[in-house]
Amino acid sequence: MARGLFITFEGIDGCGKSTQIRRAEEHLQSLGLRCVVTREPGGTPIGEKIREVLLARQHGEMCNAAELLLYLAARAQHVAEKIRPSVEQGAVVLCDRFQEATFAYQGWGRGYDGKLLERLNAFATGGCAPDHTFILDIPVAEAFERMKKAGKTADRLEQNSMEFYDKIRRGYRALAAANAGRITLVDACGTIEQTAALICRRLDVLVSGRGKETAAG
């Protein structure tokens, strides 16, 4: 059985990741590929418990170091229990956030040194890294407006200021520029269908030649 693919979706809150992951899953399944959809923090029973702690509004006193280490703890479990086994079994894993979220949020947003984050992430993942990453890029004001229209209650992180999210967006754009071969920066300001079409075209290239080998048996 051939190895699968590990694809991650990134962007500031409100960029439309969840919707685009569903569209990507539908597209890949139409090609006969087996998909595993997951998220960070979360993806496993342990990871989901950590997610509850991280995002709970009542945990506003959480220090930045605790936040960082909790994210990495959830990721370590996620890789060991779900991501690596699924890819080894030939599935296409679609993950809502992964390492770029740490570099953008804890690096650009919280101010942690990038080299430190790289070392900690490498330890947590055991070297497991995405084959490709889509960063959905939209202005912060538009992201906030989308969340407002959706009536979404802000979690602990989403209560941060627009200035904080401006830093995150700049971080994501910098990561895309520095890793152009592995990261696709997607203009997500258009319609859902326009954004999905951009992503699916790139997915077709990524899975080209893998269809029969990674199809569900």
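If you check E10 against the conditions, is it among the acidic types (D, E) and buried (at least 22 other Cβ atoms within 10 Å of the Cβ)?
So E10 passes the test.
Out of the residues in region 172-187 meeting the condition of being of a type in the set (G, A, S) and farther than 26 Å from S86 by Cβ, tell me which one is modelled with the lowest pLDDT.
Going through the qualifying residues, I end up with A180.
Where in region 1-90 are there helices (runs of 4 or more DSSP H), lying fully within it, with 1 or more residues that are of a type in the set (D, E, K, R) and farther than 30 Å from S161 by Cα?
17-30, 84-88
Just need a number here: residues in region 41-58 that are surrounded by 14 or more Cβ atoms within 10 Å (Cβ to Cβ), touching a residue at least 60 places away in the same chain (Cβ under 8 Å) and out of contact with any helix residue (DSSP H, G or I) (no Cβ under 6 Å at 6 or more places or on another chain).
Residues in region 41-58 being surrounded by 14 or more Cβ atoms within 10 Å (Cβ to Cβ), touching a residue at least 60 places away in the same chain (Cβ under 8 Å) and out of contact with any helix residue (DSSP H, G or I) (no Cβ under 6 Å at 6 or more places or on another chain): 1 in total.
Could you list, in sequence order, the residues of region 194-214 that are charged (D, E, K, R), modelled with pLDDT under 95 and assigned to a helix (DSSP H, G or I)?
K212, E213
Take E100 and decide whether it is more than 26 Å from G181 (Cβ to Cβ) and among the acidic types (D, E).
So E100 does not fit the description; no.
Out of region 99-132, which residues are acidic (D, E), in a helix (DSSP H, G or I) and surrounded by 15 or more Cβ atoms within 10 Å (Cβ to Cβ)?
Hit for region 99-132 is E100, nothing else.
For I135, work out the one condition from (1) hydrophobic (A, V, I, L, M, F, W, C); (2) buried (at least 16 other Cβ atoms within 10 Å of the Cβ); (3) part of a helix (DSSP H, G or I); (4) modelled with pLDDT of 95 or more it doesn't fulfil.
For I135, the exception is condition (3).
Tell me which of these A66 doesn't satisfy, since it passes every other one: (1) more than 17 Å from the chain's Cα centre (by Cα); (2) surrounded by 17 or more Cβ atoms within 10 Å (Cβ to Cβ).
Every condition holds for A66 apart from (2).
Of the residues R146, R169, which is modelled with pLDDT of 95 or more, out of contact with any Pro (no Cβ under 7 Å at 6 or more places or on another chain) and under 14 Å from C15 (Cβ atoms)?
Criteria check complete, one pass: R169.
Would you be able to say whether some residue in region 152-169 is touching a Gly at 6+ places or on another chain (Cβ under 8 Å) and under 30 Å from G90 (Cα atoms)?
No, region 152-169 contains no residue that is touching a Gly at 6+ places or on another chain (Cβ under 8 Å) and under 30 Å from G90 (Cα atoms).
Looking only at region 30-39, decide whether some residue is over 21 Å from T125 (Cα atoms) and crowded, with 21+ Cβ neighbours inside 10 Å.
yes
Would you call E52 closer than 20 Å to G111 by Cβ and modelled with pLDDT under 95?
no
The values are calculated or read from the model by the stated rules, or taken from the named source; none is laboratory data. This one's a predicted model, so the numbers in the text were calculated from it and none came from an experiment. Positions of Cβ are generated from backbone atoms using ideal geometry, with glycine treated the same way; all protein chains shown enter the neighbour counts.
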